[in-house]
Structures are given as structure tokens and as C-alpha cells.
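Remarks on the structure that follows.
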Amino acid sequence: MTGSASIERRLTVLLAGVAALLSILSWGMVTGLARQAAERTQDNVLAASATAIAETLRSEQGEVRLELPYSAFSMLGAISEDRVFYRVATGEALLTGYADLPVPAISPPAQGRVVFDTGDYRGAQVRMASVMRQVLAGGAPVSVTVTVAQTRNGIRAIAGELSQLAAMLSVAFFVVAVTLSAVAARTSLRPLNEIAQAVSRRGPNDLRPLRRAAPAELAPLMTALNRLMERLGQSLRRSEDFIVEAAHRVRTPLATVRAQAEIALRSVEDETEKQRLRRMIRAVDESSRSAGQLLDHATVAYRAEDLARDLIDLADLAAQTADALAPTAAMKDIEIRLETVPATVRGDAVLLENALRNVLDNAIKYSAEDTTVTLRVRRPTDTEARIEVIDQGPGLGTGPVEQLTERFRRGQNTQGIVGSGLGLTIAEDVIRAHGGRLELGQGPDGRGACVTLVFLLA
Amino acid sequence: MRHTGFSFGLNAVVIWLCGLCLWATAAVALEIEDHRHYPGTGDRVLRIVSTADLEVFEPYLLYFHAAHPALSIDYTVVSSAELHRAIRDGRAFDLALSSAMDLQFQLANDGFAQSYRSSATEALPDWARWRDLIFAFTTEPAVVVISTERFEGLPLPATRQELITVLRDNPDWFQGAVGTYDVRNSGLGYLFATQEARSTDAYWRLSEVMGRLDPQLYCCSRQMIDDVAEGRLALAYNVLGSYAAERLAQDSGGRMRILRMQDFTNVMLRTAIIPAGAVEVEAAGQMIDALLLVGLRQEPDIWPLPPLRATAEGESAGFGPIRMGPALMVYLDPLNRRAFLEEWENALEQR
């Protein structure tokens, strides 16, 4: 089947695309958050450190003194291995620390408020926290600014690790999402596939509406399909009706023609005329036989839909059919030999008689004059009953055997014999409807044909 | 007794500036304690500046030289303060090995070290390196060394409290016979003292007691150990354990004994940095790798300096080594240093 790409693939790709987008988004968000969290942690520690230093500021004999607390620096070392710088100054005068460390401009100067800034110092980016505190020195308040700075490499490394972890999680999420997408696409398309399988599993004559639960989205398709099948069934029935009607209409006038021709045959003396009339009668016979077969075929098509299940003895059936065709056989001096055992099957008597008659009729038709047609009923196993019709005619030829049961198809060695090609088709349709099969083969001694109706016994 | 130029000044600003001056006056010549050159077959020279005496460090140099015979090695021994100053002044050295981890840390923090990475540095435990700048290759405890002769009949102290008691109860025995670092001169002594003051309050009481005994102040562990071995000192406090052990192994004669304080023991990391101005960076890295391999060794000691593991895994005292981190810089701050030295002088110089 050609056409646009499969729905399943498109659905999967679409869902995978959504998953990829979500993965990238979540990775970006986690990365951003991790970085923010790491930076905020650093800010907090820097602020705590600067505040701790500022708290040691005091005045001694008019001088500002301080003592760097050990904890103020050890806490900076606790979060990451980053370089640390600091500066304590009153105005521009340095008290201690790194004189050239840039200081965030505190504006407006507010006591105890921590100000952050990012800058470059000694070839590295540093994050700075500054806090201002006023100390009374020599009677006048002096503003002291404490700045603590730390490089950001370690913080970045921590954020980078988290980002890497998030990336791995995102990839894992993506893989899982794609797998689930494929499963979801397949699951949601399963009803469609099931309907397609149900339709394709059906026999060629099964035009019943589909009755199965389907998702709401598929209901219109189901309805349309069922309506199509209904219309198809109707038109099929109409054409069969037409055939039946046509056959009927042809058969009755043919019977009249035949009767008239026989009367004429008796009254005519001239041998040439007689020959002509006999040919005519034979042609009329063939025509009415064909019409009969068309009728038979239509009957099979009708009745097979609603098959009767009567008990039928195949031996009786064989005997009746042989009786019915005895006159035809007699015309060619053909002996019908019956070899039967009782074998009961369930089925439609009319159809079975129809089938057997067609097979036997075929056998008689293709047999030479003064030969024997054997009609045999056997039960070779407990599960099988067979009706074999064996003739001594030319056999079924060398062409493919299966084609012989197709409608209007005739064997390759039938030249010169009038026939419609429907006989074996009817027989096969009937036996199929009964759950059996038709076997075509050669006669027992390699000559003639053997047509077997095989019934499976329940 | 040599005093460094800390003027206890008028104004804090002046002090800081002078502190800077101390580093920056570029003290024209380096005060070299020892020097040795190991000629190699090639042109390249690896210049090492170190605080480790040749007595203990020569095996390492020979070991490295044997592995890299093409390389000439130039080994200079200076004090830890001198080393710090030399690197700050940008003197041409390719590798700096120091026992004063606070000064080493400050060098790395202030951008005077360059980073180095190898499989050997990756194998180091976290506490033994900081970023890719400082690498520890020994762990060395501070110990008390006593003269067995002069301690005869006295109970052996196991804690600082017991040591205080012994000193206080026998002032005559110990008058002028107690030695310790002059923390004003010795970077390592200052590191030991500050860390100890931070960790145990017995430190100041002990200092007070020692101050009353007219203590002898030293620049270096080796002289203290020598004096104990020769009976001039009854006790040396806060001596590098590795030097003492090495001395004990050479000639004990039973005259010396090493005591480890059970209440708290300072464990110092001897560290290496590659100065920012290093030329033979590759050779310096190889030397660091060799030192780390020896430092992380498993086999029993054939090396004078203790391995990295011994104390890190915690002996009875269970104290890890001094932590590398910005907190080391706290006591290097001139204001803090001034305050600490003031207090120390008050305790130790009571005459």
C-alpha cells in the first residue's frame, strides 16, 4: 500500500518531538535553578562571613580594631574550593586585607545591609559581599566596610555537575518517553488494525455487517463500511435474481421448442431432416442444462447463507442422484455403478443433491459411449465421509486443477463438448458451505477422472 | 633571637602597609640555609625551594634524580617565611615545598601557584589537595621530645594537662630547659601555635607555665632536637615528629624520647606548589608525582618522612590533619597576627 507516512510513525515522531522539547526545557530549567541555587548559597555564605567579621569590629583607645573570626573563613571553605579575598576599610583607609580588592558601591550606606556585586580580581571573576558598620572611635562614628569576595569556579563546577546530572536524567526521560510514545501510538491504532484484519479475514461471499466495539473515532468508518457492504450485497442479490429470472424465462420456451422438435422428428421421414432436428434437440438440451446450472448456482448462493442441517444418508443421496441421471446415461450406453456404505452427514439435501448431480452429470458428459461411471460412498476414517465419482473419460487434463472450480472455467481437453463450466463451481460451493472440500484427481488406474466430495464428520 | 619587623604601630593601616613591606621590601637576598646542586646530563634544571632539610629530603631527590638523570636538580633550603617571600617576589623557582601550609595556601589563594593535574594528583584524597594548586605529600604530627636523662624520676605526661602539672610541680628541673618555636620567626611554629590555640584551651595555660620557666625559643625543629639529645634541654614542645623520629633512628643512645599528646595532636601536611613563574613545569609536575607516589605508598618505611595515610586514618587521638582551606589565612591576617603574637609574648616573656 502506498500513500502518506504511517500514522503510527507520525504519531510517534510527534510525541517524541514533544518529549524532546520537554526534556530540553526541563534540563534548561534545572540547570538554571542549580546555578541560581549555588550562587544564592555562595551569596548567603559570603554575607554570613562578612557579617561575622563586621561583628568583631570594636573600638579600643580610639582605634578601630577587629579580629577575623576563624569561622568566617572556614565557612567559605566549606561550600567549595574557591579562592577567598577580603578587605576591611574605613572610608578609603585600609584596615586589613587586600588593598586593591574592588568594593561594591554601597548606596545609600545602610548599616548592616549586605550588598552583593560581581567583579574581576586577580584574573578571576569574584562574587563580593559587602557590609557596612558604624563604630564609635575617638568619640566620632566611623563607617567601616567589610568586603568578602570569593571566586566562582567551584560554585560553577557544582552547578555544572548538577546540570550534567540533569542532562543525563533528561536523556533518560526522553528515551522512556519515546518508548512510551511508540507503545501509545501502537495501542491507539490497534482497533483500526483489528477492523482491517476482521474485514480481510472474511470469506469472499461474507457481506454481513461488521459488529464489533470500536472507538468513537472509528464509528463513522464502520458505518460507512457496513453501508457499502450492504449495498454490495444488494446489488449482488439483484444480479443473481436477474440470472434466475433470465434462466427461468429461457427454460420454459426451450422446453416448448424441444417438445415441438420431437414431434417434428417423429413426423419427418427424410433422414437429413431428422439429423438436423436431432442436432437441434441436443442444442436445446444443452441450453436448458446451462440454464439449469445457472439456477442451481443461484440456489446454492441463496441457501448457503442459511444452511439447513438435516440428517442425510449419503448412500441414499447417491442412489437418488444415480436414478435421476440414469436416462441421460442410458442415452450414451453408460453404466452407473453404485458402491455405497451408509454414511450420515448433516446438511442441506437440496444443495447436496444439486452438487452430486452436477458432478455426476459432468462425468457422464465427458465419458465416451459404452463406459462405466462409478459412484462410490466411503468412510475411510471416523471423521471423514467421501463420495467419489470416477469415470473413464479423458481425465481432467494437465492444467492447474484449482482453476477447474472457478466459475465458467473449463478444462483444456473439453473441445467439442458443450458445457458452461459451472458444474464443479457449484459442487465446490456446496461442499465448502458444508465445511468439507472438493478433491480432483485421476481414476484408480491412471485413466479418467476422480472427483471427490469430502465431508468432515463432527 | 631574631625579631622580624613587625612594628606594633600607631595605626592599623600602617601595620598592614608594613606587613606588605615585609613581603615587598624584596629583602634583597634570600636567606639560604642550605643548598645543593645535582648535575644532570642534560641542560634542564629543576629549581626547588624547600623548607625540608637535606638530611631528610636527600633520599627523595636522589630517587627522583635516578629516574630522571638528564635533569639537573638545584635544591635550596630556606625558612618557610623566606620561601613565602621568595615566591611572592617572583623569584625563579619551579617547585616550592613547604611545611607551613597556611603560607602555601595563601600563595595558592592569591594566585602565585599554577594548577597541575595528573593521575597521581587525582588519586589524592580530598583533604590532601586544594583545587589543583596545592598537593600534600606527607602528614607530620607535632610531638614533644624529652631528654630521658633530665626526665628521670618524673612521670611521663600523656596530655597537656599532665605536662602542665609536671612543669608546674618541678620548676627547678625545667628552669631554662624548655624549648619551643619562636612563633614570630618560624612559620611552622606559628601554624602549630595558632591551630593549637584554636583547638585546645590548654595551649595558653601551657604557654603561661612555660613562660615562667624562661623558655628557649628556636627557629627550627632540628636545633631543638639537637639540644634535647645533648641534654641542654629537658623538653622541646611542638617539634616535627618526622625529624625527631629520624634523629632517634640515627643515634638514640636512649637519651631522647618522643611523646605524643593524647588530648590533641596537630598534624601538618607538607605541601608542594608549582609557582606561577615556574619554567620547568613538566619536571616540577614529575617531581610532584614522584612525591605523591611515595606519599601514598603502602610498603613499610624506607623513607624519612611519614606517608600521607598514617595519621589521616586516625590513630588513637583521631585527629585529622589541619584542614586546607581559606580558614588557614585567618591567622595570617596582620591584625590577627599582631593580636596573637601580643598574647603569645605576654604568655612566654614574663621576665
Legend entry - Test result for A:Arg337, closer than 23 Å to A:Pro444 by Cα and surrounded by 21 or more Cβ atoms within 10 Å (Cβ to Cβ): no
Inset, instruction - Taking the residues in the stretch B:336-347 that are in contact with an Asp or Glu (Cβ under 7 Å, 6 or more places away or on another chain) and facing chain A (nearest Cβ under 10 Å) as candidates, determine which candidate is surrounded by the fewest Cβ atoms within 10 Å (Cβ to Cβ). - result: B:Ala339
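Here's the yes/no breakdown for (1) in the same structural domain as B:Ser50 (by TED's automatic domain parsing); (2) out of contact with any Gly (no Cβ under 9 Å at 6 or more places or on another chain); (3) free of Cβ contacts under 8 Å to residues at least 60 places away in the same chain; (4) under 26 Å from B:Glu230 (Cα atoms):
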| position | (1), (2), (3), (4) |
| --- | --- |
| B:Ala249 | no, yes, yes, yes |
| B:Gly254 | no, yes, no, yes |
| B:Ile274 | yes, no, no, no |
| B:Val279 | yes, yes, no, no |
| B:Ile288 | yes, yes, no, no |
Inset, instruction - Looking only at the stretch B:140-147, decide whether some residue is modelled with pLDDT under 90, of a type in the set (S, T, N, Q) and under 19 Å from the mean Cα position of the chain (by Cα). - result: no
Inset, instruction - Scan the stretch B:321-335 for residues that are at the interface with chain A (Cβ under 7 Å from one of its Cβ atoms), assigned to a helix (DSSP H, G or I) and crowded, with 20+ Cβ neighbours inside 10 Å and jot them down. - result: B:Pro326, B:Ala327, B:Met329, B:Val330, B:Leu335
Legend entry - Of the criteria (1) among the small types (Gly, Ala, Ser); (2) surrounded by fewer than 19 Cβ atoms within 10 Å (Cβ to Cβ); (3) outside any loop (DSSP other than H, G, I, E, B); (4) within 14 Å of chain B (Cβ to nearest Cβ), which one A:Ser49 fails: (2)
Inset, instruction - Select, from A:Val115, A:Val144, the only residue that is more than 30 Å from A:Val18 (Cβ to Cβ) and out of contact with any helix residue (DSSP H, G or I) (no Cβ under 9 Å at 6 or more places or on another chain). - result: A:Val115
Legend entry - Search result, residues across the stretch A:306-325 that are surrounded by 14 or more Cβ atoms within 10 Å (Cβ to Cβ) and either of a type in the set (Ser, Thr, Tyr) or free of Cβ contacts under 8 Å to residues at least 24 places away in the same chain (or both): A:Asp316, A:Ala319, A:Thr321
Inset, instruction - Answer yes or no: is there a residue in the stretch A:140-153 that is over 26 Å from A:Arg40 (Cα atoms) and either touching a residue at least 60 places away in the same chain (Cβ under 8 Å) or not assigned by TED's automatic domain parsing to the domain that holds A:Arg40 (or both). - result: yes
Legend entry - Number of the condition not met by A:Ala291 [criteria: (1) within 24 Å of A:Thr452 (Cα to Cα); (2) touching a Lys or Arg at 6+ places or on another chain (Cβ under 7 Å)]: (1)
Inset, instruction - Inspect the stretch A:343-360 for any residue being at pLDDT 85 or above, over 26 Å from A:Ala298 (Cβ atoms) and out of contact with any Phe, Trp or Tyr (no Cβ under 7 Å at 6 or more places or on another chain) and give the result as yes or no. - result: yes
Inset, instruction - Pull up the stretch A:60-88, narrow it to residues that are surrounded by fewer than 17 Cβ atoms within 10 Å (Cβ to Cβ) and in contact (Cβ under 8 Å) with a residue 24 or more places away in the chain, then point me to the one that is farthest from B:Gly111 (Cα to Cα). - result: A:Gly62
Legend entry - Residue identified as touching a helix residue (DSSP H, G or I) at 6+ places or on another chain (Cβ under 7 Å) and either over 30 Å from B:Asp172 (Cα atoms) or outside any helix (DSSP H, G or I) (or both) among B:Leu188, B:Leu206, B:Leu217, B:Leu269: B:Leu269
Legend entry - Selected residue (criterion: farthest from the other protein chains (Cβ to nearest Cβ)) from residues of the stretch B:168-200 that are farther than 30 Å from B:Glu82 by Cα and without any contact (Cβ under 8 Å) to a residue 60 or more places away in the chain: B:Asp172
Legend entry - Matching helices (runs of 4 or more DSSP H) fully within the stretch B:52-164 where at least 3 residues are within 14 Å of chain A (Cβ to nearest Cβ) and crowded, with 22+ Cβ neighbours inside 10 Å: B:101-109
Legend entry - Which numbered condition A:Ala37 fails, given (1) more than 10 Å from every other protein chain (Cβ to nearest Cβ); (2) in a loop (DSSP other than H, G, I, E, B): (2)
Legend entry - Condition check for A:Ile24: modelled with pLDDT of 90 or more and surrounded by fewer than 17 Cβ atoms within 10 Å (Cβ to Cβ): yes
Inset, instruction - Go through (1) touching an Asp or Glu at 6+ places or on another chain (Cβ under 9 Å); (2) more than 30 Å from B:Ile32 (Cα to Cα); (3) among the basic types (Lys, Arg) one by one and return the number of the condition B:Arg222 breaks. - result: (2)
Inset, instruction - Return the only residue of A:Ala315, A:Ala301, A:Ala324, A:Ala329 being assigned by TED's automatic domain parsing to the domain that holds A:Pro253, assigned to a helix (DSSP H, G or I) and either closer than 19 Å to A:Ala427 by Cβ or at pLDDT 85 or above (or both). - result: A:Ala301
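The values are calculated or read from the model by the stated rules, or taken from the named source; none is laboratory data. Keep in mind that what you see is a predicted model, and the values were worked out from it rather than measured. Virtual Cβ from ideal backbone geometry, glycine too; neighbours counted across all protein chains shown.
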